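The values are calculated or read from the model by the stated rules, or taken from the named source; none is laboratory data. All of these numbers come straight from a predicted model, not from anything done at the bench. Note that we place each Cβ from the backbone using ideal geometry, even for glycine, and neighbour counts take in every protein chain shown.
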Amino acid sequence: MSRTQPWRRRLDAIQSVGRTRVLRTVTPTGPVTGVVDGQDVLLACSNDYLGLAWAPTVRHAAQGGGAGGSRLISGSRPIHQALEMHLEELFGRPALLFPSGYSANLAVFSTVCEAGDLLVSDALNHASIIDGIRLSKAHRQVVPHAEPHQIPQGARLVAVEGLFSMDGDTPVFADYPKTPWLAVDEAHAVGCLGPNGTGVAAAQGVQPDILIGTFGKAYGASGAFVVGSQDLKELLINAGRSFIYTTALPDPIAAMALAGVHAATDALREKLSLNATRLRDGLHTNGWSVLGQHHIIPVVVGPSAMDLSQRLLQQGILAPGIRYPTVPIGQERIRFTVSAEHTEADIDQIIAAMDSPNSS
Ligand SMILES: Cc1ncc(COP(=O)(O)O)c(C=O)c1O
């Protein structure tokens, strides 16, 4: 028996239920275009919502090298300080950088609650929130999606996303209890929604106790940040294991992130919103039922999602099917995302390719 036979057995089990994941190389040729397997494609699935990953100001900002250590050893650089100070001005409270949204969520949700606390999580929260919660010593309870009245009395912390990544909807924060701490992962909202792009909670006049944002989506770079009180920042520096025990964000990435935050303007947000409305309306007119609001535009089609995605690719549109375990069985979907850089003709091309549910 080969040494890796157990791994092959597990891979075979994944394959036997048709859930093998494979990597696909996308060579970018513009903010919303690329080449996949020699074919030109229009990207309809990128999280680069404002097109900033292609913007010269962001690309040319990259300078320097790796940080060479964790923030607490030798890796805290002037660019980290500059970026944190700028975020503090933008969000009005102290900010702490992380190498990724995944590591930010691990640190926050594993650290802030103690044994005996009750930590409540929306059923559709991202895997990084779930994994952080799994590392917490607190009691945990998952409540059905968007049903804040089900949050039990005595909860210490409630975790939600600002713009849910798979359903594209937003919490109504007025319906949430005021006593528990509120942690909002605004990964898909910062840069795009709310005053100066500060997120969905801010758009509703709510200041969460903990806000998690990422640079890898609208800001066109990579990495993440947590905003909250000075005590939260110091707690994460002292007890957040995925902050303490990891190499700091590389200087070029931090510089790109800072340029991305500067480049995220109201004009781009306005264009993003117009494009989202155009695609939503067009799909709706074609007879599709579309979830959520804003720039994440999920079309739930069930098990045929992978076939539909393949047909879109044949028409030059990249929009992979999303399936279990990312979404529940039976709710497989095409998750379209728009960018401020899509033209009206790009959006109309996607609408034309999604002609009618009856032909799928
Ligand atoms: C809601 C949410 N939180 C966190 C993350 C993780 O962010 P990152 O890609 O920076 O690790 C993602 C990534 O897709 C996400 O969708």
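Just so you know, in region 148-187 the residues that are touching a helix residue (DSSP H, G or I) at 6+ places or on another chain (Cβ under 9 Å) and either free of Cβ contacts under 8 Å to residues at least 24 places away in the same chain or closer than 21 Å to Val261 by Cα (or both) include one that is farthest from the ligand (Cβ to nearest atom), and it is Val184.
Looking at the structure I just gave you, is Thr20 free of Cβ contacts under 8 Å to residues at least 24 places away in the same chain, touching a helix residue (DSSP H, G or I) at 6+ places or on another chain (Cβ under 8 Å), β-branched (Val, Ile, Thr) and surrounded by 10 or more Cβ atoms within 10 Å (Cβ to Cβ)? For Thr20, the condition - free of Cβ contacts under 8 Å to residues at least 24 places away in the same chain, touching a helix residue (DSSP H, G or I) at 6+ places or on another chain (Cβ under 8 Å), β-branched (Val, Ile, Thr) and surrounded by 10 or more Cβ atoms within 10 Å (Cβ to Cβ) - is met. Note on region 308-324: residues that are farther than 22 Å from Leu50 by Cα and either in contact (Cβ under 8 Å) with a residue 40 or more places away in the chain or buried (at least 17 other Cβ atoms within 10 Å of the Cβ) (or both) amount to 9. Checking each residue in region 125-154 for being charged (D, E, K, R) and part of a helix (DSSP H, G or I) picks out Asp131, Arg134. Only one entry in Leu90, Leu135, Leu72, Leu124 is out of contact with any Ser or Thr (no Cβ under 9 Å at 6 or more places or on another chain) and aliphatic (A, V, I, L, M), namely Leu72.
Quick grid of which residues meet (1) under 21 Å from the mean Cα position of the chain (by Cα); (2) modelled with pLDDT of 95 or more; (3) in a helix (DSSP H, G or I):
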{"site": "Ala202", "(1), (2), (3)": "yes, yes, yes"}
{"site": "Ile212", "(1), (2), (3)": "yes, yes, no"}
{"site": "Phe243", "(1), (2), (3)": "yes, yes, yes"}
{"site": "Val261", "(1), (2), (3)": "yes, yes, yes"}
{"site": "Ala267", "(1), (2), (3)": "no, yes, yes"}
{"site": "Gly282", "(1), (2), (3)": "no, yes, yes"}
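Rundown of residues vs (1) closer than 22 Å to Ile237 by Cβ; (2) within 16 Å of the ligand (Cβ to nearest atom); (3) not assigned by TED's automatic domain parsing to the domain that holds Glu332, yes/no style:
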{"residue": "Leu87", "(1), (2), (3)": "yes, yes, yes"}
{"residue": "Asn125", "(1), (2), (3)": "no, yes, yes"}
{"residue": "Ile133", "(1), (2), (3)": "yes, yes, yes"}
{"residue": "Ala138", "(1), (2), (3)": "yes, no, yes"}
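Going through region 229-241 one residue at a time, which ones are assigned to a loop (DSSP other than H, G, I, E, B) and either aliphatic (A, V, I, L, M) or within 16 Å of the ligand (Cβ to nearest atom) (or both)? Spell out the reasoning first.
From region 229-241, those assigned to a loop (DSSP other than H, G, I, E, B) are 229, 240; that's our starting set.
Result: Gly240, single match.
When the residues of region 37-60 are filtered to those that are farther than 12 Å from Leu268 by Cβ and within 15 Å of the ligand (Cβ to nearest atom), the one that is surrounded by the fewest Cβ atoms within 10 Å (Cβ to Cβ) is Asn47.
The residues on offer are Ala255, Ala248, Ala221, Ala201, and the sole one that is within 19 Å of Pro31 (Cβ to Cβ), assigned by TED's automatic domain parsing to the domain that holds Glu89 and either within 14 Å of the ligand (Cβ to nearest atom) or of a type in the set (A, V, I, L, M) (or both) is Ala221. Taken over region 113-122, the criterion of being more than 14 Å from the ligand (Cβ to nearest atom) and touching a strand residue (DSSP E or B) at 6+ places or on another chain (Cβ under 6 Å) is satisfied by Cys113, Leu118, Leu119, Val120.
Of the residues making up region 170-200, those that are part of a helix (DSSP H, G or I) and of a type in the set (A, V, I, L, M) are Ala174, Val200.
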